[in-house]
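Below: the structure, in structure tokens.
The values are calculated or read from the model by the stated rules, or taken from the named source; none is laboratory data. None of these values were measured; they are calculated from a predicted model. Positions of Cβ are generated from backbone atoms using ideal geometry, with glycine treated the same way; all protein chains shown enter the neighbour counts. Ligands, DNA and RNA are stripped out before the accessible areas are found, and what is left, the full protein with its side chains, is counted by its heavy atoms. Shrake-Rupley method; radii C 1.70, N 1.55, O 1.52, S 1.80 Å.
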Amino acid sequence: MEAPSRSLGEGASMFVNRMPRYEILSPDAMNVLDAGWRRLMTEVGVEFASERAVRLFRDAGQKADGSLVRLDPDFVLEQVAKAPREFDVRARNPERSLHIGGDHMSFGAVYGPPFVREGEVRREATMNDFRDFARLAQSSGTLDSAGGVVCEPNDAPLDSRHLDMTYALQTLTDRVYMGNVVSGENARDTLAMSAILFGGREAIEETPVTISLINCNSPLRWDDRMLDAQFEYSAAGQPVVLTPFLLMGAMSPVTIPSALVQQITEALAGIALSQLIRPGCPVIFGSFLSNIDMQSGSPCFGTPESATGLLCTGQIARHFGLPFRSGGALTSSQVPDAQAAYEGLMTMLPTFLAGTNWVMHAAGWLEGGLVASYEKFIIDLQILEMLQQEFTPLEIDEASLAFGAHEEVGQGGHFLGAAHTMERFRTCFYRPFLSSSQNYERWMKGGAADTAARAAEIARKRLAEYEPPPLDTAVEAELADYVARRRAELGD
């Protein structure tokens with residue numbers, strides 16, 4: 001087998017998953033799902049709350065009744081076929097650039113929580129929290145992106161906080177970042193700041209530099225604000241993640257096959273729109289699929305149903321020749337405890353088994369996505385690092401077979417002092433940075449810190465040791481000037 005693929009540069013993701021994909025849908029099942037989405041798209045249709053979007057579909061020969069569009073499935077497939085199967089996204093540090101699609105997996109931090117948990121304190125997120133989570137992402141060897149709205153900084157003015165968030169992602173990290181999608185205007189600001197950072201609009205259209213999340217208002221409705229942002233990003237050749245937001249029992253029927261049919265319908269309709277805006281622009285087939293608690297109505301995460309849906313989604317996206325987004329370290333737990341860890345793993349493991357290309361919420365998600373947690377951020381990085389190690393193919397060659405060690409030790413001996421062991425003992429096994437393997441007495445003498453306490457200490461240490469990646473002072477000044485000017489124009 002070939003050696004582990006972990007090299008950076010030349011548009012490559014940090015992690016390449018060459019393990020076989022776990023696929024659970026038979027050809028007959030795929031045919032049933034195919035018939036299902038075709039029927040849903042033609043008989044029920046998808047609503048687009050945008051005159052521009054409806055006009056594009058109508059001009060392309062599709063049936064529109066007000067904002068409701070009934071799409072010809074064959075037309076949709078023609079549009080989907082225009083999207084690239086794989087594409088590159090440029091980071092300001094070339095070694096952090098990403099390749100999206102194929103065997104490549106890229107990981108971003110939690111996205112969207114309005115609250116933060118630090119130790120026992122749960123509070124509203126601030127801009128300083130946003131910057132600290134960006135710093136933690138930059139300090140990580142496993143995250144490819146800090147994401148976008150790592151947390152919602154409620155102490156910053158609503159109209160202009162997107163400027164501060166984008167500026168923080170561009171200056172505190174040198175990795176791929178996500179664009180703001182609250183409005184078309186915010187998207188234009190993200191593009192303008194990206195053009196400053198990367199040398200002009202032409203440069204970012206040649207090779208995209210940001211990925212943006214466009215969520216469907218499930219069931220079967222794309223809202224105007226998201227569509228306005230989609231128009232801006234797709235017109236500029238920047239990839240968008242077209243994501244149905246499905247909690248089975250609330251935003252979709254309770255059965256997994258029905259949810260999959262709805263997901264296909266919504267995602268492909270959004271992808272078709274991007275191709276009408278700019279043929280050939282990159283897109284990502286998005287999936288956010290879980291279920292609710294039928295007793296309380298609360299969202300549930302890390303469930304067997306969500307894992308099954310995730311594995312199906314990977315197979316479906318490959319069927320359509322598209323890179324896809326799903327997964328993460330999702331949990332309903334209120335604190336970074338055992339539930340948070342096992343529910344997170346219940347989502348992250350199928351994320352790897354499915355070979356997900358763009359993984360959001362890979363670190364920090366807590367309390368159903370309402371909270372970004374410092375401790376959970378570190379715990380998730382530990383799980384992610386271990387899974388990356390687990391899914392790296394074995395290197396099998398003459399040296400790793402260690403026949404000479406058997407000749408040296410013989411029968412009934414031990415390998416502790418063997419030459420083969422002495423040559424490799426520092427690197428032969430993965431060493432977790434968070435886990436404790438101390439005996440009980442030593443652990444007690446060291447303060448008896450549990451996982452959450454150790455994670456909090458690691459977060460504090462990494463923040464204290466953080467160093468910003470180098471950035472040309474003239475570019476940084478131009479970005480700061482843009483933020484100040486736009487803030488004044490917005491009245492903040």
Condition broken by residue 403, with the remaining ones in (1) under 30 Å from residue 318 (Cβ atoms); (2) over 15 Å from the mean Cα position of the chain (by Cα) satisfied: (1)
Residues satisfying the stated conditions in segment 419-442, i.e. aromatic (Phe, Trp, Tyr) and either touching a Ser or Thr at 6+ places or on another chain (Cβ under 9 Å) or assigned to a loop (DSSP other than H, G, I, E, B) (or both): 425, 429, 430, 433
Selection within segment 342-383 - surrounded by fewer than 23 Cβ atoms within 10 Å (Cβ to Cβ) and of a type in the set (Val, Ile, Thr): 383
Output for segment 261-298, where each listed residue is in contact (Cβ under 8 Å) with a residue 60 or more places away in the chain and either in contact with a Gly (Cβ under 7 Å, 6 or more places away or on another chain) or hydroxyl-bearing (Ser, Thr, Tyr) (or both): 261, 265, 274, 281, 298
Residue count for segment 433-492, restricted to those that are touching a residue at least 12 places away in the same chain (Cβ under 8 Å), surrounded by fewer than 11 Cβ atoms within 10 Å (Cβ to Cβ) and over 30 Å from the mean Cα position of the chain (by Cα): 1
Within segment 35-124, strands (runs of 3 or more DSSP E) holding 3 or more residues that are closer than 29 Å to residue 354 by Cα: 87-89, 98-100, 104-107
Every residue from segment 418-432 that is surrounded by 11 or more Cβ atoms within 10 Å (Cβ to Cβ) and either of a type in the set (S, T, N, Q) or more than 29 Å from residue 391 (Cα to Cα) (or both): 421
Search result, residues across segment 137-175 that are more than 21 Å from residue 192 (Cα to Cα), of a type in the set (Asp, Glu) and more than 20 Å from the chain's Cα centre (by Cα): 155
Residue identified as in contact (Cβ under 8 Å) with a residue 24 or more places away in the chain, within 30 Å of residue 342 (Cα to Cα), in contact with a strand residue (DSSP E or B) (Cβ under 6 Å, 6 or more places away or on another chain) and in a helix (DSSP H, G or I) among 382, 388: 388
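Each row is one residue, and each column tells you yes or no for (1) in contact (Cβ under 8 Å) with a residue 40 or more places away in the chain; (2) farther than 20 Å from residue 238 by Cα; (3) open to solvent by less than 70 Å² (accessible area, probe 1.4 Å); (4) touching a helix residue (DSSP H, G or I) at 6+ places or on another chain (Cβ under 9 Å).
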residue: 78; (1), (2), (3), (4): no, yes, no, yes
residue: 99; (1), (2), (3), (4): yes, no, yes, no
residue: 107; (1), (2), (3), (4): yes, no, yes, yes
residue: 110; (1), (2), (3), (4): yes, yes, yes, yes
